[in-house]
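The values are calculated or read from the model by the stated rules, or taken from the named source; none is laboratory data. Quick caveat, the model's predicted, so the values are computed rather than measured. Ideal geometry is used to build each Cβ from the backbone, glycine not excepted, and the neighbour counts take in all protein chains shown. For the accessible areas, the whole protein counts, side chains as well, though only heavy atoms, and no ligand, DNA or RNA atoms are used. Shrake-Rupley method; radii C 1.70, N 1.55, O 1.52, S 1.80 Å.
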Amino acid sequence: MTEPTEYQMLLQDEKLLVEKIAEAQELLHTLQYDLCIIRDALRKYEHLTVIHKKTNQK
């Protein structure tokens, strides 16, 4: 078996980088989805807190 050429090594490095970028993009997408859920939950909590304060003031 022959030693891989510099070009072959660069191609392998590029392949690994592309895979890592794809993984990072997937994680970013998941994080964005999770942040949307958290944002919506905070909005609902804030809304309920305002309603609760108004109810207690009466």
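At 1.4 Å probe radius, can you tell me the per residue accessible area of the chain in Å²?
Details: 6060 Å² over 58 residues.
For the chain, the solvent-accessible area averages 104 Å² per residue.
Of all accessible surface on the chain at a 1.4 Å probe, what whole percent is carbon and sulfur? Don't skip to the answer; put the middle values down first.
Numbers: 3830 of 6060 Å².
Solvent-exposed carbon and sulfur of the chain make up 63 percent of the total.
Against the globular-protein guess of 2.2 N^0.38 Å, express the Cα radius of gyration of the chain as a ratio, rounded to two decimals.
Normalised by 2.2 N^0.38 Å, the Cα Rg of the chain equals 2.43.
Below 12 angstrom from the Cβ of Met9, what's the summed charge of the other residues (Lys, Arg +1; Asp, Glu -1)? Can you show the working numbers first?
Numbers: positive: Lys15; negative: Glu3, Glu6, Asp13, Glu14.
Value of the local net charge: -3.
Given 0.36 nm per residue, what is the gain on full extension from Ile21 to Glu3 after removing their alpha carbon distance, in nm?
On the way: separation 18, 0.36 × 18 = 6.48 nm, distance 2.75 nm.
Here the answer is 3.7 nm.
Subtracting the Cα-Cα distance from 0.36 nm times the residue separation, let me have the gained length for Thr30 to Lys54 in nm, one decimal.
Working: separation 24, 0.36 × 24 = 8.64 nm, distance 3.64 nm.
Computed gain between Thr30 and Lys54 is 5.0 nm.
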- line: Helix 6-57: inclination vs the chain longest Cα principal axis, degrees, rounded to 10, gives 0 degrees
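Net charge near Asp40: determine it from the other residues with C-beta under 14 Å of the C-beta of Asp40, scoring Lys and Arg +1 and Asp and Glu -1.
That works out to +1.
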